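The values are calculated or read from the model by the stated rules, or taken from the named source; none is laboratory data. Keep in mind it's a predicted model, so treat the numbers as computed, not measured. Cβ atoms come from the backbone with ideal geometry, glycine included; neighbour counts cover every protein chain shown. Calculation scope for accessible area: heavy atoms of the full protein, side chains included, ligands and nucleic acids excluded. Shrake-Rupley method; radii C 1.70, N 1.55, O 1.52, S 1.80 Å.
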Number of protein chains: 2
Amino acid sequence: MEMGSGDDERSGILARGWLLLKALPEKFKAKMVNFAVVTKKLGQDDPRRVIHSLKVGLALSLVSLFYYFETLFNSFGVYAMWAIMTVVVVFEFSVGATLGKGLNRAMATLVAGALGIGAHYMASISGNVGEPIILGIFVFFQAAVSTFIRFFPKIKARYDYGLLIFILTFALVSVSGFREDEILEFAHKRLATVVIGACACVVVSIFVCPVWAGQDLHNLTSLNIEKLGTFLEGFGYRYFGATEDEEFKGNESFVHGYKSVLNSKTIEETLANFARWEPGHGRFMYRHPWKQYLKVGTLTRQCAYRIEALNGFLSSDIQVQPEFARKIEDTCTKMSLDSGKALKELALAVKTMTRPSSVDSHVANLKTSTKNLRCLLKSGLGNETDLLKVIPVTTVASLLIDVAMSVEEITASVNELASLAHFKQKAKDTNLTVEKRHEVVKSLAKVNAADDVITVDLESENSVPLRAS
Amino acid sequence: MEMGSGDDERSGILARGWLLLKALPEKFKAKMVNFAVVTKKLGQDDPRRVIHSLKVGLALSLVSLFYYFETLFNSFGVYAMWAIMTVVVVFEFSVGATLGKGLNRAMATLVAGALGIGAHYMASISGNVGEPIILGIFVFFQAAVSTFIRFFPKIKARYDYGLLIFILTFALVSVSGFREDEILEFAHKRLATVVIGACACVVVSIFVCPVWAGQDLHNLTSLNIEKLGTFLEGFGYRYFGATEDEEFKGNESFVHGYKSVLNSKTIEETLANFARWEPGHGRFMYRHPWKQYLKVGTLTRQCAYRIEALNGFLSSDIQVQPEFARKIEDTCTKMSLDSGKALKELALAVKTMTRPSSVDSHVANLKTSTKNLRCLLKSGLGNETDLLKVIPVTTVASLLIDVAMSVEEITASVNELASLAHFKQKAKDTNLTVEKRHEVVKSLAKVNAADDVITVDLESENSVPLRAS
């Protein structure tokens, strides 16, 4: 019997092994399919990624051929490889990042090269025994100091890479062990090849389908405000369940769009840092007020925290609304709608760089509604005695008042941005079509309901869809 | 007259110029003083920064001297500079980051070197005309594909640097234009020097005052939970103004400590990525459940969003509390205090890696309080008819119920962490001193009130203050 069960076990293992083996190609196929799907999605989400990859290939091939022929004809010799290195490490996704890295690298190479030659000279006059000791002390000291300076937040944001290259070049030049004439040639060649590589990057980055960090920050700011607007437009209807509109009931994605705004701080700060390196481009001048975008972003996140609180009430399953809710429903729905419309108007204004026109009327509406709501709340509960039933509704009302305040703050800061960045005044006639525009917005929103990026762009010439990078 | 006013203007300009000139040394002095203050603060906030700077200096001096003597005796020749480069670019603040970069660099150099030799061979057999064309195509193709692969989120998190070095080395080796025997030497020397540099980094990083990313993540998780706990412990007293305790009234910094938790996502994810490269160290095994820390972190942030909403009510200036508030004051204060104590208990448990013991009693208290609060709210407003006055209090009550739910979730996920990471069971006798511990916590909190990091550490052996890096 025992033998039999052993046999059973063995054949069981064999069978399982065979099944596993048979499943292997299936698994491999599934992985490959998954890989293909992810690849396609990455490319479709932002086609600029594909273009960027091709640009890197282009810049690197150009410099590689230069290296190839240089090595053959031996004027830079083995140092020409630094041009390749520079291209690979300097070429970044956006123009700002590439320019920042390129300038950092070139400047740091220049300064550290000069200092390194000085250090080398001072060490060489101190004799054979003293030389390695003095060099060691120099390298240790500058590496420690430069590394510590990299911890300064302001320097880290803009010059981190420059300091890295400074440490590197100083060490290379000072300890190279060459004679005086050799070392000058070494430093000169390193600088020349680094500049060649950096120039190749900057030229390809700017002149072949450029990706501007400033434009990205601009779009992201607008998109984030729009996401909050989309949520708020639908919130009133969804919470009070008063809509027969499928648009607001069926579409879950537009409810959760705001979540990404909660964690947008890092990406906004990075983009703003890159944007400051960029020259004027398109609708943006050099010294465009990028800092103001960060302020708008902070207020937008503030608003998003309040929306996060509101969202908690959407998911809680209150089937029966108390009598009292009917009383404030209209005002709350109106407030939510007005907040949403105001934010969408602001998003559109930022996107098209025109001064927000109808937003003031929405803000005025919000103020009136806030007053009305306060009056309604002041008049008490009516017949309702169970406070527990009423609390969710009153909390929602109180949060909507907070959101309205947030909307006012965002409006003020977008207005400040508009005057700092000289947004265009809107033409009179488009002012009249605000009502009409909202109709179109609605119909467009239906069309794009499947997308989580709703693009509404009636006035602007360049109607590229907004995208978070 | 005009002449006179022109003279006045000129002398005015001169006087202003003189004032500006006189102010220059003052300004310079002020800048230097400011610089010194910032430097001192950076060093004091985290002395590991100073140590790290010295470590970089040490590693670089070691490798530089190796380079210096190598160049003199010429066995690696000019390629020895790659050892210096490797040290400068690979040495990072934490062991995990250094190991990750070092392994990425070494592996990528090995693989890309082999492929590069293959590409070079294939190009060289195609004749003088075909060679540069084929090489250009190879370089373009691999750079474009590798660059695109860097966009995959999972690969970006762990292997971004490896792909960069892959592109670099492949281009260098394949287009080097050397003969067959030279290219083997070139690839071999590059690999050897890179490995030497990487080893120097890893050895200094691990054996001289190591900074573990895992430890940092662990401390940060604990610190963030503690910050929320500190806020909640004080909130009830502060909001209902029922305390005579100076500790809760005077200290503003402990109220705003939680703000940093809102934006902690990026740093937590970065640390977790680094931690996964680290070998076992101290109390952490290899394959410590770092992912669970991220889950705890997400729930902590969720709770922080709710606290952000609560904080809004602290700053609003309601002088007179309505009659109704008196009714629920005790229960709310108790809930806030219990939530705070539970969170602090959890923070302590994470920090000392012991299973949380008394937290269950706090959670049970919270459940009872929630029930009580619901009952009180169910019984209605009493004499109060002005809903507007009551709303802030009821909103606070409702938010506190949400926070209590958050605390339960955090407790569950910390318990999961405790079982995944095999936290120690606490000894029985310490269980009995919970009451006493809270007394000590209070007195300690008074002592440390000036600090925004309150360190309470009675059981753990290593009572280093928690620090956010």
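Please go through segment A:279-314 and give me each residue that is away from every other protein chain (no Cβ under 14 Å) and in contact with a Phe, Trp or Tyr (Cβ under 6 Å, 6 or more places away or on another chain), ordered by number.
Within segment A:279-314, A:PRO279, A:GLY280, A:HIS281 qualify.
Scan segment B:51-76 and report the pairs whose first residue is more than 7 Å from chain A (Cβ to nearest Cβ) and closer than 26 Å to B:VAL211 by Cβ and whose second residue is at pLDDT below 95 and open to solvent by 60 Å² or more (accessible area, probe 1.4 Å), with Cβ atoms within less than 6 Å and a gap of 6+ or a chain change.
B:ILE51/B:CYS209
Among the candidates B:VAL78, B:VAL87, B:VAL56, single out the residue that is open to solvent by 10 Å² or more (accessible area, probe 1.4 Å), of a type in the set (Val, Ile, Thr) and either at pLDDT 90 or above or not in a helix (DSSP H, G or I) (or both).
Being open to solvent by 10 Å² or more (accessible area, probe 1.4 Å), of a type in the set (Val, Ile, Thr) and either at pLDDT 90 or above or not in a helix (DSSP H, G or I) (or both) holds for just one of B:VAL78, B:VAL87, B:VAL56, which is B:VAL56.
Can you pull out every residue in segment A:410-424 that is over 22 Å from the mean Cα position of the chain (by Cα) and either closer than 9 Å to A:ARG355 by Cα or in a loop (DSSP other than H, G, I, E, B) (or both)?
Matches in segment A:410-424: A:ASN415, A:SER419, A:HIS422, A:PHE423, A:LYS424.
Looking only at segment A:137-147, count how many residues are β-branched (Val, Ile, Thr) and surrounded by fewer than 21 Cβ atoms within 10 Å (Cβ to Cβ).
Counting residues in segment A:137-147 that are β-branched (Val, Ile, Thr) and surrounded by fewer than 21 Cβ atoms within 10 Å (Cβ to Cβ) gives 2.
Does segment B:369-383 contain at least one residue that is in contact with an Asp or Glu (Cβ under 8 Å, 6 or more places away or on another chain), open to solvent by 20 Å² or more (accessible area, probe 1.4 Å), within 14 Å of chain A (Cβ to nearest Cβ) and of a type in the set (Lys, Arg)?
yes
The conditions are (1) without any contact (Cβ under 8 Å) to a residue 24 or more places away in the chain; (2) under 26 Å from A:TRP277 (Cα atoms), and A:ASP181 fails exactly one of them. Which is it?
(2)
Can you confirm whether segment B:379-397 contains a residue that is in a helix (DSSP H, G or I), of a type in the set (D, E, K, R) and at pLDDT below 90?
yes
Restricting to segment A:153-164, and then to whatever is free of Cβ contacts under 8 Å to residues at least 24 places away in the same chain and open to solvent by 50 Å² or more (accessible area, probe 1.4 Å), can you tell me which residue is nearest to B:VAL88 (Cα to Cα)?
Among them, the one singled out is A:LYS156.
Condition check ((1) closer than 22 Å to A:LEU417 by Cβ; (2) of a type in the set (Lys, Arg); (3) in the same structural domain as A:LYS227 (by TED's automatic domain parsing)) across all residues:
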position	(1), (2), (3)
A:ALA325	no, no, yes
A:ILE328	no, no, yes
A:LEU348	yes, no, yes
A:SER358	yes, no, yes
A:SER361	yes, no, yes
A:LEU366	yes, no, yes
A:THR370	no, no, yes
A:ARG374	no, yes, yes
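Could you grab the pairs with beta carbons closer than 9 Å, sequence gap of 6+ or different chains, first residue in segment A:114-129 and of a type outside the set (A, V, I, L, M, F, W, C), second one buried (at least 17 other Cβ atoms within 10 Å of the Cβ) and part of a loop (DSSP other than H, G, I, E, B)?
Listed pairs, sorted by first residue: A:GLY116/A:VAL175; A:GLY116/A:SER176; A:HIS120/A:VAL175; A:HIS120/A:SER176; A:HIS120/A:GLY177; A:HIS120/A:PHE178.
Taking the stated definitions as given, is A:ARG150 open to solvent by 20 Å² or more (accessible area, probe 1.4 Å), touching a residue at least 12 places away in the same chain (Cβ under 8 Å) and in the same structural domain as A:LEU65 (by TED's automatic domain parsing)?
Taking the combined requirement at face value, the residue satisfies it.
In the set B:VAL350, B:VAL363, which member is touching a residue at least 60 places away in the same chain (Cβ under 8 Å), among the hydrophobic types (A, V, I, L, M, F, W, C) and buried (at least 18 other Cβ atoms within 10 Å of the Cβ)?
Answer to the check: B:VAL350.
Considering only segment A:263-308, state which residues are hydroxyl-bearing (Ser, Thr, Tyr) and closer than 22 Å to A:ARG158 by Cβ.
Scanning segment A:263-308 gives A:SER264, A:THR266, A:THR270, A:TYR286, A:TYR293, A:THR298.
A:ALA112 passes all but one of (1) within 27 Å of B:VAL89 (Cα to Cα); (2) at pLDDT below 90; which number fails?
The one condition A:ALA112 does not meet is (2).
For segment B:281-315, what are the residues that are of a type in the set (D, E, K, R), free of Cβ contacts under 8 Å to residues at least 40 places away in the same chain and in a loop (DSSP other than H, G, I, E, B)?
Scanning segment B:281-315 gives a single hit, B:ARG287.
If the requirement is being open to solvent by 10 Å² or more (accessible area, probe 1.4 Å), more than 9 Å from every other protein chain (Cβ to nearest Cβ) and without any contact (Cβ under 8 Å) to a residue 60 or more places away in the chain, which of these qualifies: B:ILE134, B:ILE206?
It is B:ILE134.
Can you find, within segment A:173-203, the residue that is surrounded by the fewest Cβ atoms within 10 Å (Cβ to Cβ) among those that are more than 13 Å from every other protein chain (Cβ to nearest Cβ) and farther than 26 Å from A:ALA59 by Cα?
A:ASP181
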